[in-house]
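The structure appears right after this line, and notes come after that.
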Amino acid sequence: MTRAPAELQTSALGSTEQAWPEDAIEVGCILDAWGVKGWIRVQAYSSDAQALFSSRRWFLRANEAIEGKGPTVVRSKPLPRLLKILSIREHGEGIVASVQDIADRNAAEALRGARIFISRSAFPSTNPDEYYWVDLIGLNVTNRQGEALGEVIGLIDAGPHSVLRIMPPGLTAPIKPDQERLVPFVAAFVDDVDLEQRQITVDWGLDF
């Protein structure tokens with residue numbers, strides 16, 4: 001996919017409906033404040049952070065795993081349900097963003113640890129041979145012989161390509177790593193991906 005420009009900007013958004021989107025996908029989290037003017041430092045969960053760059057509406061939820069543990073999270077008021085992003089850019093190996101109504105470091109620090117969700121409909125379109133990880137999870141995998149290999153439960157970023165993590169039929173999550181089937185997500189092994197039928201066809205034997 002095309003990489004995001006070094007910086008994207010938009011004017012402040014006006015009053016909008018803040019209902020939680022039914023297709024909300026968790027895409028990252030807020031690490032900390034950045035600078036003294038209210039910017040935040042963000043961690044994207046994918047090596048390709050296009051979803052973060054594509055939307056100016058970030059929905060937030062508290063990270064229950066760290067809430068209330070000492071000084072990690074200090075909130076003078078409830079975590080906002082929605083952030084309206086004014087500017088976002090890559091900075092070093094991370095991402096920084098400015099937010100409407102977050103004007104100083106204290107306000108930015110109060111967002112620390114929040115989980116970021118974005119509507120799936122806001123994701124950029126992909127090329128015919130490109131897929132978002134979230135769209136592959138849950139798909140059934142069969143081989144050319146029509147044998148069921150299982151269900152995609154995750155992916156591994158192996159650098160130049162991704163690897164499908166497949167849970168064999170008859171098992172239920174969570175499973176041990178040695179129970180998974182691992183299939184490289186490359187054209188040499190993947191014949192077809194049918195999102196509508198929720199099916200992936202691969203050139204891969206049951207005994208591999």
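Can we say D101 is among the charged types (D, E, K, R), modelled with pLDDT of 85 or more, more than 28 Å from E130 (Cβ to Cβ) and outside any strand (DSSP E or B)? Don't jump to the end; show me each part of the working.
On the way: among the charged types (D, E, K, R): yes; modelled with pLDDT of 85 or more: yes; more than 28 Å from E130 (Cβ to Cβ): yes; outside any strand (DSSP E or B): yes.
Judged against the criteria, D101 is a match.
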Margin query: With under 17 Å from V190 (Cβ atoms), assigned to a strand (DSSP E or B) and either modelled with pLDDT of 95 or more or in the same structural domain as S46 (by TED's automatic domain parsing) (or both) as the only criterion, which of L149, L155 stands out?
Written below: L149
Margin query: Give all pairs with beta carbons closer than 6 Å in which a residue from the stretch 31-57 that is farther than 23 Å from G154 by Cα meets a residue that is of a type in the set (S, T, Y) and surrounded by fewer than 17 Cβ atoms within 10 Å (Cβ to Cβ); count only pairs at least 6 apart in sequence or on separate chains.
Written below: R56/T10
Note to self: Criterion first (in contact with a strand residue (DSSP E or B) (Cβ under 8 Å, 6 or more places away or on another chain), of a type outside the set (G, A, S) and either over 20 Å from V202 (Cα atoms) or surrounded by fewer than 16 Cβ atoms within 10 Å (Cβ to Cβ) (or both)) does F185 satisfy it?
What the structure shows: no
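So, in the stretch 129-166, of the ones that are among the β-branched types (V, I, T) and buried (at least 19 other Cβ atoms within 10 Å of the Cβ), which residue ends up nearest to the chain's Cα centre (by Cα)? It would help to see each step written out before you state the result.
Restricting attention to the stretch 129-166, the residues satisfying the condition of being among the β-branched types (V, I, T) are 134, 137, 141-142, 152-153, 156, 163, 166.
Next, from what is left, pick out any that are buried (at least 19 other Cβ atoms within 10 Å of the Cβ): 141, 152, 166.
On the way: V141: 22, V152: 16, I166: 19 Å.
Among those residues, the one meeting the criterion is V152.
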Note to self: Tally up the residues in the stretch 188-208 that are assigned to a loop (DSSP other than H, G, I, E, B) and either modelled with pLDDT of 95 or more or under 14 Å from L149 (Cα atoms) (or both), please.
What the structure shows: 10
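The values are calculated or read from the model by the stated rules, or taken from the named source; none is laboratory data. These numbers come from a predicted model, not from an experiment. Positions of Cβ are backbone-derived with ideal geometry, glycine not excepted, and every protein chain shown enters the neighbour counts.
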